[in-house]
């Protein structure tokens, strides 16, 4: 973590870091993002005066289910529809807490019930995990802003710190202010709305326990980091000394000189510095903030403005703005302006992108670009930073899919085919509404790159009769979908796909698609005419990483052919079939399935590239 190097340049203890905890600056940024999200939601609910049944409010409850609890669009809509009939069904308080906490920290565990994130936080503490959420007994800790205070709400099965793994009924609220011996907390579904209330504290600043139905009411406090580091927003550090420190950091580490291109290491260093600049500077204009960072890294320019013809300088300036400044700006309360490029003449062919030609004679169809980092390396980095909770098996599966879709890289973009835009390690497409679902998972993050959905704009793909045209939600500011193939738009989508929060949302969405693929093939195979051998297939799937890779990569590419492949493979499978034999059966099944659909490319790439992670 580069903060360690930064700390070595100052005698101040203010930014000291322990190996297992976030620094106060990082914690402060998390608290700021949390409070900004709280302000936004309270304004939407008119400071608790509106109810969920009021016009337009169920839209926000659905948003909590999707972006907080991680449900799919259809799953969230089912809960909303059933709750509108019976408002005692599907309480959404945990979805709201998850939504707010994920705004502060995308790696927070998405939960449909409070006990789930409480159990996760308890395990983080007991197993000394690096995640910055640890659950403590009420009497152990002093309350701070950003804490979650959980209480039991069951009459017969009372929630306690010790039984949280057994799914007791519970509730949680987030501490947003402390005044003397009271803490102001916010929760969802409190009175069928989002609202605040008070929790009494002891003279020592801990939760004042109370009895309900003869049992302790509060059972755990979840903290953003292990206690011992101040949670209040730091305001005492002089602005000038911090900015001088940031400049000194660039000079001492020898990364402050940029020639024609800016490296990933230099961008990473700027990302370390930028939160401090945001914290102690009143400047909010992204262009001026970009100028500040740009000229720090080009001291020989003496703040000389960039001329229109300086292509290399323009490219570096744009990289700093898109990769560092825009992701670092919290734009929760006001809609962000679309990012602009210094050169007002928008190039159709963006530097760094490959021009793709197709046809005979060959014509330019669009652009393509792939990241340098492998998917598994990127996911392991996110896991080490405690930004994502992901298993080795999941990383293995996603890497096999990426081998097919992006040559194994964390990000790739293609704009040359009928899908208009395909991005990410699964190559999610605009044409099939998958990019739109991705944006819905973390809309505020995509906003930083100027990418927003507009339900008043629709994109249409024609289809041969009797199929109906395919209509999808459009992108704000772009009425003609083909514009997204080129220039700044291609760059926005590419850069957004490298954002940590966007990658976390992509993984969540990928998990949903993996489950959906398995559910669909289960329904297909359980039909009598298809052999009814779903459990046989699932056994081989569970016990072979290669089978999982072939199946999921094939289903992501051509679902109908892959369903047929499972049927064909099972037709020649019996009780004595080994995993190696089933792999061969499935390979042949894929070849037959693709041939049935007259697919010219065939599954050769899938069979070869999913053979290893």
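The values are calculated or read from the model by the stated rules, or taken from the named source; none is laboratory data. These figures come from a predicted structure and were not determined experimentally. No Cβ is skipped: glycine too gets one built from the backbone with ideal geometry, and neighbour counts run over all protein chains shown.
Numbers for the structure displayed
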{"quantity": "Counted residues, segment 357-376 - those being more than 18 Å from residue 549 (Cβ to Cβ), out of contact with any strand residue (DSSP E or B) (no Cβ under 6 Å at 6 or more places or on another chain) and either surrounded by 16 or more Cβ atoms within 10 Å (Cβ to Cβ) or touching a residue at least 24 places away in the same chain (Cβ under 8 Å) (or both)", "calculated": "3"}
{"quantity": "Residue satisfying condition, being within 35 Å of the chain's Cα centre (by Cα) and surrounded by fewer than 17 Cβ atoms within 10 Å (Cβ to Cβ), within set 549, 554, 575, 602", "calculated": "602"}
{"quantity": "Answer from 488, 516, 483 - the residue that is in the same structural domain as residue 382 (by TED's automatic domain parsing), modelled with pLDDT of 90 or more, out of contact with any helix residue (DSSP H, G or I) (no Cβ under 6 Å at 6 or more places or on another chain) and in a helix (DSSP H, G or I)", "calculated": "483"}
{"quantity": "Segment 48-82, subset exposed (fewer than 13 other Cβ atoms within 10 Å of the Cβ) and within 22 Å of the chain's Cα centre (by Cα), residue modelled with the highest pLDDT", "calculated": "59"}
{"quantity": "Sole exception among (1) touching a residue at least 24 places away in the same chain (Cβ under 8 Å); (2) over 27 Å from residue 435 (Cα atoms); (3) crowded, with 18+ Cβ neighbours inside 10 Å for residue 534, by number", "calculated": "(1)"}
{"quantity": "Members of segment 366-402 that are closer than 26 Å to residue 314 by Cβ and out of contact with any helix residue (DSSP H, G or I) (no Cβ under 6 Å at 6 or more places or on another chain)", "calculated": "368, 370, 371, 372, 373"}
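Rundown of residues vs (1) farther than 30 Å from residue 40 by Cβ; (2) outside any loop (DSSP other than H, G, I, E, B); (3) out of contact with any strand residue (DSSP E or B) (no Cβ under 9 Å at 6 or more places or on another chain); (4) outside the structural domain of residue 549 (by TED's automatic domain parsing), yes/no style:
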| site | (1), (2), (3), (4) |
| --- | --- |
| 401 | yes, yes, yes, yes |
| 446 | no, yes, no, yes |
| 451 | no, no, no, yes |
| 454 | no, yes, no, yes |
| 458 | no, yes, no, yes |
| 465 | yes, no, yes, yes |
| 472 | no, yes, no, yes |
| 478 | no, no, no, yes |
